[in-house]
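Trainee: Once you've had a glance at the structure underneath, I'll fire off some questions.
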Amino acid sequence: MSAPRVLIATAVAAERDAVAAVLAGRPSFEVRAVGVGPAAAAAGTAFALAEAERSDLGAYALVVSAGIGGGFPGLAPVGSLVVAERIVAADLGAETPEGFASVAELGFGAVEHLPPAALVRGLPGAVRGAVLTVSTVTGSARRAAELRERCPGAVAEAMEGFGVAEAAARWGVPVLELRGISNAVGPRDRGAWRIGEALAALGQGCGALPAAVDAWLTGAVPGGERDGESDGESDEKERLR
Ligand SMILES: O=C(O)c1cccc(C(=O)CC[C@H]2O[C@@H](n3cnc4c(=O)[nH]cnc43)[C@H](O)[C@@H]2O)c1
């Protein structure tokens with residue numbers, strides 16, 4: 001039986017190349033640069049999923065949003081790897097006299113996707129928490145504090161995760177988000193971004209993916225537990241085996 005296919009969606013070519021380098025020789029892990037921001041990420045991921053549907057190679061078992069990101073100070077330092085327990089659209093909503101209201105609160109859909117808990121736990125050494133998807137890179141302490149308050153549990157922000165997750169959800173494919181941290185979320189200081197360190201952390205995380213995915217699909221998570229896995233997750237894995 002062929003290995004389960006995994007689609008890894010990065011924003012830009014530098015991220016794609018860093019990920020592809022550590023997955024060389026693993027043809028079932030396919031890395032594509034789909035563009036910066038949630039809309040490009042959703043469109044590019046949907047295109048790849050539609051192509052897979054028409055091909056003889058079979059459906060993807062997992063879609064991964066992978067790239068660099070900003071870490072909230074004290075939670076995800078520069079050079080660390082973050083894995084999303086929740087993928088949250090942090091600025092999708094409306095300003096109201098009472099403050100920000102998400103589209104979920106307004107009754108227009110969901111603002112969060114949940115990666116499989118067992119797979120998240122299978123990447124030891126990564127910081128775990130909510131990863132926010134924003135359309136504008138945070139550039140002030142005020143905005144960083146606002147996001148922290150709006151999204152409890154947030155450890156990092158980036159611009160693509162929710163777009164990738166929306167596309168994956170339409171195809172019923174589980175999603176994961178991995179971020180190598182290049183900068184602190186807060187006052188804009190472009191000179192302080194450490195993209196090389198972030199790409200190295202991202203590469204390390206993606207290098208651990210084949211074993212983690214295998215353990216997740218076979219139920220052999222660290223400690224041998226299967227707790228925290230919803231019935232929906234088990235059904236989804238069964239379908240993909
Ligand atoms: O501000 C600039 O001068 C600048 C120059 C080159 C690239 C950028 C980006 O904003 C890249 C966005 C790209 O990287 C991810 N990313 C990295 N850090 C963050 C962050 O703190 N907040 C949001 N996104 C971040 C993001 O996913 C994009 O793919 C800026």
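The values are calculated or read from the model by the stated rules, or taken from the named source; none is laboratory data. Here the structure is a predicted model, which means the values were calculated and not measured. FYI the Cβ positions are ideal-geometry reconstructions off the backbone, even for glycines, and counts take in every protein chain you see. Calculation scope for accessible area: heavy atoms of the full protein, side chains included, ligands and nucleic acids excluded. Shrake-Rupley method; radii C 1.70, N 1.55, O 1.52, S 1.80 Å.
Trainee: If the requirement is being within 14 Å of the ligand (Cβ to nearest atom), surrounded by fewer than 18 Cβ atoms within 10 Å (Cβ to Cβ) and within 18 Å of Glu15 (Cβ to Cβ), which of these qualifies: Arg194, Arg188?
Mentor: From the options Arg194, Arg188, the qualifying one is Arg194.
Trainee: Just give me the residues in segment 128-172 being open to solvent by 60 Å² or more (accessible area, probe 1.4 Å) and within 10 Å of the ligand (Cβ to nearest atom), in sequence order.
Mentor: Hits for segment 128-172 are Ser135, Thr136, Val137.
Trainee: Restricted to segment 69-93, and to residues that are of a type outside the set (A, V, I, L, M, F, W, C) and part of a strand (DSSP E or B), which residue is nearest to the ligand (Cβ to nearest atom)?
Mentor: Gly70
Trainee: Collect the residues in segment 94-117 that are open to solvent by less than 60 Å² (accessible area, probe 1.4 Å), part of a strand (DSSP E or B) and free of Cβ contacts under 8 Å to residues at least 60 places away in the same chain, keeping them in residue-number order.
Mentor: Across segment 94-117, the qualifying residues are Ala94, Thr96, Gly99, Ala101, Ser102.
Trainee: Going by what's in this entry, would Gly35 be described as in contact with a helix residue (DSSP H, G or I) (Cβ under 7 Å, 6 or more places away or on another chain), on the phi > 0 side of the Ramachandran plot and modelled with pLDDT of 95 or more?
Mentor: For Gly35, the condition - in contact with a helix residue (DSSP H, G or I) (Cβ under 7 Å, 6 or more places away or on another chain), on the phi > 0 side of the Ramachandran plot and modelled with pLDDT of 95 or more - is met.
Trainee: Go through the residues of segment 51-65 one by one and say whether even a single one is among the hydroxyl-bearing types (Ser, Thr, Tyr), within 13 Å of the ligand (Cβ to nearest atom) and crowded, with 18+ Cβ neighbours inside 10 Å.
Mentor: Checking segment 51-65: at least one residue is among the hydroxyl-bearing types (Ser, Thr, Tyr), within 13 Å of the ligand (Cβ to nearest atom) and crowded, with 18+ Cβ neighbours inside 10 Å.
Trainee: Please go through (1) more than 17 Å from Gly74 (Cβ to Cβ); (2) within 10 Å of the ligand (Cβ to nearest atom); (3) free of Cβ contacts under 8 Å to residues at least 40 places away in the same chain for Thr218 and return the number of the only condition it doesn't satisfy.
Mentor: Condition not satisfied by Thr218: (2).
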